[in-house]
Amino acid sequence: MKSPPLRGDSCSGASMDLTDRLTEGVRTALAKAGLPEPETCAWEVPRQAEHGDYATNTAMTLARAARRAPRQIADLIVANFPPLAEVERLEVAGPGFLNVFLSPAWCVGSLREILAAGPAYGRGAAEAGQRVRLEFVSANPTGPLVIVNARAAAVGDALARLLRAQGARVTTEYYVNDAGNQFEALARSFEARVAQELGEPVTLPENGYPGEYLIALAREYLEEYREREGGAPRDRRERTDLDEALGLGGETRLDRLGRWAVARMVESQRRILRDYGVEFDVWASEQRDVRAAGLPGRVLAELAARGLTYEQDGALWFRSTQLGEASGDDKDRVLRRSSGEVTYFAVDVAYHHYVKFAGADRVINLFGPDHHGYVPRMRAAMQALGHPPGSFEVLIVQLVTLLREGQPVRMSKRRGEFVLMEELLEEVGRDAARFTFLTRRHDSPLEFDLAVATRQTADNPVYYVQYAHARICSIRRQAAEQGVARPPLGETDLGPLATPEEIALVKRLLQYPDLVRGAARALEPHRVAYWLQELAGMFHPYYKTHRVIQDDRRLTLARLALCEAVGQVLRNGLDLLGVSAPEAM
RNA sequence: GCGCCUGUAGCUCAGUUGGACAGAGCAUCGGACUUCUAAUCCGAGGGUCGCAGGUUCGACUCCUGCCAGGCGCACCA
């Protein structure tokens, strides 16, 4: 059986990015009119319908170069615009806007392409050909993950998904700071807790970690030890000396205890993140992958060879200030202390240069605001080592101010008070937590009231979006029960889709590829979250006023196709955010 | 003192990288289920975009100066 010709359908096999084709039209028109062509056109979706489906200010931005009035240029574009199936008509408005009105018939016909593309709809190649190294969370292994880590995880993971959707080869990474001062502080604190569990009255070290989680960890350690060693160590009544009890001496004992604690911490962090839906390609170790590999020494030599270091007061300094204002650092930085130890900075520079950039053209790090002062010196170092400007990017993920019934909850690992990421997930749920974090710009401080978030679970925007998807699945189930099977794509007559709500929905779906591309380019996943809310906000009213399954079989099938397309895009969008798209709620 | 981030409706936040009369959710008030899921829908009120200048056809957006809050300014990480 041959598929019947479809009214108003024109399947262009071109890419799905509508604005690309509109830009081509404008460029063609300008060339024909003998006017200069712009590199690109900035397309926006006007707030008001009278301004069309897309609008560009190209005529205005071109006015100077073309030495013509904006409106005159716009008129010439309209007069010379090639006939496109996508476009119904063009208008010049205001100071020189070019407003594009899409052809409803073409829009409706494009549903076919959306459905055919399925999960691939919205994917593109805007970031193709680049290898991206993306590091995020990287919490110190000195304590459990807290709320801000959940935010960074949501943002980082969504960024990875976004960039991959645009063709980039992304390696995600969690960097474990298992060396240096903080590691030692952890080791000493843990040692103190172990001793305490053995009955010794021990006080915690200065700058240690007083959190109770180390007590629990100490008990686990001793339990494991007893199982392994068959009973030892005994408690204070029999043995009072820790070295003797654990059969280890001094630094060896400290190091072994510290490594054990770190391994446990990292394992627990990894598990929580996995439950959150975030898995990393690489778990890097500062100790193993950088220090033990001898990278810091190599990078010091390389910087010295470039004449970028000098000795003063017994320490080795990096000439950060000589790298020009592109780096923006305001003072030189120590690479090797007078004690002979390399600084964290030196280790980091080495790691970035030899490891991260070895496999990537672009390195993106998500930092907390407490590290923003660290960025200029890193940028200076990357520049000094020959990495092009812009290849090293840092996104600052701002803090989460936690409230409970309007009262601020202080968070400090040092003081041992905090709300754990685990607790957040338990109270709010994975999807709601991720979606909430992704409805804010990453560099905007966020207030999160736990009491409100838990109380208003049903009002959370994430459920609004998910519910739209669940409803569509429900319609599909209902249709199947009633024996309304959807015919093959090519045979579906989309002609009956004609109400303003239906046309508006299809036009909305057509924006999706541009949205994804823009969000990836700007590294702003929150755009996706907002857009999805608006899409759901169009579907729910449509559902309410237009019955999908009804007597008119032709109309039913067309509407089912529309619903499937909306459901597909909701699914694709939620997937970019790492949020589930439930079939039923 | 210097640097970074933030300041938009009562609250939490968007505002498409300078566009057209400033938006959403929550909260408040008033309505809608015998029909594909009411976690929904329809309607109403709510604003000097922190303040003052400047740039231009056009500013929430860019520049300067103030005000307020957060964070940072180590031979810590």
Subset of segment A:508-535 (residues that are among the aliphatic types (A, V, I, L, M) and near RNA strand B (Cβ under 7 Å from one of its atoms)): A:Ala522
Filter result for A:Glu212 (away from RNA strand B (no atom under 16 Å from the Cβ) and of a type in the set (Asp, Glu)): yes
Residues of segment A:355-393 satisfying the condition of being within 17 Å of A:Asp330 (Cβ to Cβ) and near RNA strand B (Cβ under 10 Å from one of its atoms): A:His371, A:His372, A:Gly373, A:Tyr374, A:Val375, A:Pro376, A:Arg377, A:Met378
Top-ranked residue of segment A:303-325 - restricted to ones that are surrounded by 15 or more Cβ atoms within 10 Å (Cβ to Cβ) and of a type in the set (Ser, Thr, Tyr), ranked as farthest from A:Leu385 (Cα to Cα): A:Thr321
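Taking the stated definitions as given, is A:Thr545 within 23 Å of A:Ala117 (Cβ to Cβ), hydroxyl-bearing (Ser, Thr, Tyr) and more than 23 Å from the chain's Cα centre (by Cα)?
No, not satisfied.
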Conditions (1) among the hydroxyl-bearing types (Ser, Thr, Tyr); (2) more than 30 Å from A:Cys563 (Cα to Cα); (3) touching a residue at least 40 places away in the same chain (Cβ under 8 Å); number of the one not met by A:Thr61: (3)
Within segment A:299-329, tally of residues that are among the acidic types (Asp, Glu), under 15 Å from A:Arg379 (Cβ atoms) and in contact with a Ser or Thr (Cβ under 7 Å, 6 or more places away or on another chain): 1
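Residue under question is A:Gly567, and the condition is that it be surrounded by 19 or more Cβ atoms within 10 Å (Cβ to Cβ) and assigned to a helix (DSSP H, G or I); does it hold?
yes
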Selected residue (criterion: surrounded by the most Cβ atoms within 10 Å (Cβ to Cβ)) from residues of segment A:469-492 that are among the aliphatic types (A, V, I, L, M) and not in a helix (DSSP H, G or I): A:Val484
Residue check for A:His387: within 18 Å of A:Thr171 (Cα to Cα) and either crowded, with 19+ Cβ neighbours inside 10 Å or over 31 Å from the mean Cα position of the chain (by Cα) (or both): no
Matching residues, segment A:571-585, being within 14 Å of RNA strand B (Cβ to nearest atom) and surrounded by fewer than 22 Cβ atoms within 10 Å (Cβ to Cβ): A:Ser580, A:Ala581, A:Pro582, A:Glu583, A:Ala584, A:Met585
Unmet requirement for A:Val146, which otherwise passes all of (1) more than 14 Å from RNA strand B (Cβ to nearest atom); (2) surrounded by fewer than 21 Cβ atoms within 10 Å (Cβ to Cβ); (3) not basic (Lys, Arg): (2)
Residue within segment A:484-491 that is at pLDDT 90 or above and either of a type in the set (Asp, Glu) or in contact with a helix residue (DSSP H, G or I) (Cβ under 6 Å, 6 or more places away or on another chain) (or both) present: no
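Listed here are the residues, each with its yes/no results for (1) free of Cβ contacts under 8 Å to residues at least 24 places away in the same chain; (2) not aliphatic (A, V, I, L, M).
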position	(1), (2)
A:Arg259	no, yes
A:Met265	no, no
A:Gln269	no, yes
A:Leu273	no, no
A:Val278	no, no
A:Ala284	no, no
A:Arg298	no, yes
A:Ala305	yes, no
Residue within segment A:333-351 that is within 8 Å of RNA strand B (Cβ to nearest atom), under 30 Å from A:Val452 (Cα atoms) and among the β-branched types (Val, Ile, Thr) present: no
Filter result (more than 24 Å from the chain's Cα centre (by Cα), in a helix (DSSP H, G or I) and over 30 Å from A:Ala192 (Cα atoms)) within segment A:251-304: A:Leu295, A:Pro296, A:Gly297, A:Arg298, A:Val299, A:Leu300, A:Ala301, A:Glu302, A:Leu303, A:Ala304
Tally of residues being crowded, with 19+ Cβ neighbours inside 10 Å and without any contact (Cβ under 8 Å) to a residue 40 or more places away in the chain across segment A:198-221: 2
Among the residues listed as A:Gly328, A:Gly307, A:Gly340, the single one being small (Gly, Ala, Ser), under 31 Å from the mean Cα position of the chain (by Cα) and assigned to a loop (DSSP other than H, G, I, E, B): A:Gly328
Filter result (buried (at least 16 other Cβ atoms within 10 Å of the Cβ), within 16 Å of RNA strand B (Cβ to nearest atom) and assigned to a loop (DSSP other than H, G, I, E, B)) within segment A:77-98: A:Phe81, A:Gly96
Tally, over segment A:433-462, of residues that are surrounded by 17 or more Cβ atoms within 10 Å (Cβ to Cβ) and within 9 Å of RNA strand B (Cβ to nearest atom): 10
Which numbered condition A:Arg151 fails, given (1) closer than 30 Å to A:Arg274 by Cα; (2) touching a Phe, Trp or Tyr at 6+ places or on another chain (Cβ under 7 Å); (3) within 13 Å of RNA strand B (Cβ to nearest atom); (4) not in a helix (DSSP H, G or I): (4)
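The values are calculated or read from the model by the stated rules, or taken from the named source; none is laboratory data. Only a predicted model underlies this, so the values are computations on that prediction, with no experimental measurement involved. Here the Cβ is made from the backbone with ideal geometry for all residues, glycine too, and neighbour counts use every protein chain on show.
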